[in-house]
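Here, each number is a calculation from the coordinates, and none is a lab measurement. What you are looking at is a predicted structure, and each value in this text was computed from that prediction instead of being measured. So basically every Cβ, Gly included, is an ideal-geometry build from the backbone, and we count neighbours across all protein chains shown.
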Amino acid sequence: MLEPRELKLDHLNDWFSLTAPHLTSDDIGPSDALAACRWMMGQPSFYGVAIGDPQRKAPVAFGAAVFVTEAFAEEELVAPRPGVNARILHSIHRGAPVVLSNNQLARSNRNGSLNVVILTSHWQGDAKNPNVGQLKLLLADEFGKRYEGYRMHRLIRETCDAYQLSYTRGVTVFREVAQTGPENCLFVVDKESVTAYPGTVVTGLFFHKTPILGLSASSQSLLLAALRDDRDEKIAEALNISVSAVRWRWAQVFAQASSVVEPTRGATRGAEKRSRILQYVRNHPHELRPYAKD
């Protein structure tokens, strides 16, 4: 069975070897692009997914995206040209990254002005691969789950090969901005797109909700880890903190949640409180996204 998991540095070389032609240009060669990818993967604005196959050692598919500045997104859409992905990496290489910092991410999320560039969506083999349909569905589903709760302004994607171009043109919610080369084409998804084609995996990203719990960054990281595995030992391992620190953070979450909403009301046992809070944030993912409070 194919299994999606977060893209980690362990698979950087596998990811890069599959997608290098789409991440490099005359301005940034493979070695510098690889170093820029390594830096980017450590940023809160980056997310990648690797699809594993039990029959293979390396993942069989990858998807990745990154939040970028409003100025960069606007420039790319106003004057389209090939090499969007490479220009993001080149900005990192020259020390002026267009990738949002955590503070920029929180402010842009509050303002509903987030721009995300879909960097890659690639798989081993070609369009005749019997698993391609399942891979595409898994990548789209993981993207939707990862970005649910963010207050999006635009999704941007540049195609870099004939199959990507044909496939993206078939996805109605993507609006074509300009074809900039034989296989290069810039697409955008915005609120106008999802209003015209409702019910897609990204529709909910453009209809915003405001968080009411006011969770701190440490509380958000605890809950995100707990959604993957709610055992204290596993949370401690994921966050690189002690088990006692995990329990202290849970106490902080209980205090924050019970003062605003009802997920802990009537619950007297810690396990029951945890279960209710996790169910609440699972249904309200905007509570777990960076959000500037002023």
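Testing the spin-label approximation: label points 7 Å from Cα along Cα→Cβ at residue 243 and residue 140. State their distance in nm.
4.4
List the relative contact order of the chain as a percent without decimals, with contacts defined as Cα pairs under 8 Å and 6+ residues apart.
Values: 443 pairs, mean separation 47.4, N = 294.
It rounds to 16 percent for the chain.
Provide the descending list of Cα extents for segment 60-111 along its principal axes, expressed in whole angstroms.
The principal-axis extents, from largest down, are 34, 30, 22 Å.
Can you give me the orientation-averaged projected area of the convex hull built on the Cα atoms of the chain, in nm²?
Working: hull surface 65.8 nm².
Taking a quarter of the hull surface, the average projection is 16.5 nm².
Can you put 159, 200, 24 in order, fewest other beta carbons within 10 Å first? Intermediate values should be presented prior to the final figure.
Values: 159 25, 200 17, 24 21.
By the 10 Å Cβ count, ascending, the order reads 200, 24, 159.
Could you give me the ³J(HN,Hα) list for segment 161-170, computed from phi with Karplus coefficients 6.51, -1.76, 1.60 and θ = phi - 60°, whole Hz, x at Gly and Pro?
Calculated HN-Hα couplings, in order: 8, 5, 5, 4, 4, 5, 5, 5, 5, x Hz.
Which percent of Cα pairs goes in each bin when the distances of segment 61-150 are cut into 5 angstrom slices starting at zero?
Here the calculated profile for segment 61-150 is 3, 12, 20, 19, 18, 15, 8, 4, 1.
In whole Hz, what ³J(HN,Hα) sequence does segment 283-294 give by Karplus (6.51, -1.76, 1.60; θ = phi - 60°), x for Gly and Pro?
Here the 3J(HN,Hα) series is 8, 10, x, 4, 5, 9, 9, x, 8, 5, 8, 9 Hz.
Can you give me the P(r) profile for segment 3-64? Cα pairs, bins 5 angstrom wide beginning at 0, each as a whole percent.
Final binned percentages: 4, 18, 30, 23, 15, 7, 2, 0.
With just the Cα atoms defining each centre, how far is segment 32-69 from segment 176-230? Give it in Å.
Distance between centres, Cα-based: 17 Å.
Checking the table 57/234; 57/273; 191/273; 145/293; 136/273; 57/191 against a 31 Å threshold on Cα-Cα, which pairs fail?
Among 57/234; 57/273; 191/273; 145/293; 136/273; 57/191, the Cα-Cα distance tops 31 Å for 57/273; 191/273; 136/273; 57/191.
With 10 angstrom as the radius, rank 25, 108 by how many other C-beta atoms surround their C-beta, starting from the fewest. Display every interim value, and only then the final one.
On the way: 25 16, 108 25.
Ascending Cβ contact count within 10 Å gives the list 25, 108.
On the principal axes of its Cα set, how long, how wide and how thick is segment 11-113? Give whole Å, largest value first.
Sorted from largest, the Cα extents of segment 11-113 read 44, 33, 23 Å.
Taking the number of other C-beta atoms within 10 Å as the exposure measure, put 152, 41, 1 in order starting with the fewest.
Working: 152 24, 41 18, 1 6.
If I rank by nearby Cβ atoms, fewest first, I get 1, 41, 152.
Place a label point 7 angstrom from the Cα of residue 13 along the Cα-to-Cβ direction, then list the residues of segment 86-125 whose backbone nitrogen is under 19 Å away.
Flagged as within label range: 124.
Along the principal axes of its C-alpha atoms, what lengths does segment 119-230 span, in descending order and rounded to whole Å?
48, 32, 23
Over segment 195-265, what lengths in whole Å, largest first, do the semi-axes of the equivalent ellipsoid take, defined as the square roots of 5 times the eigenvalues of the alpha-carbon gyration tensor? Don't jump to the answer; show the numbers that get you there.
Values: eigenvalues 170, 58, 17 Å².
Ellipsoid semi-axes (Å, largest first): 29, 17, 9.
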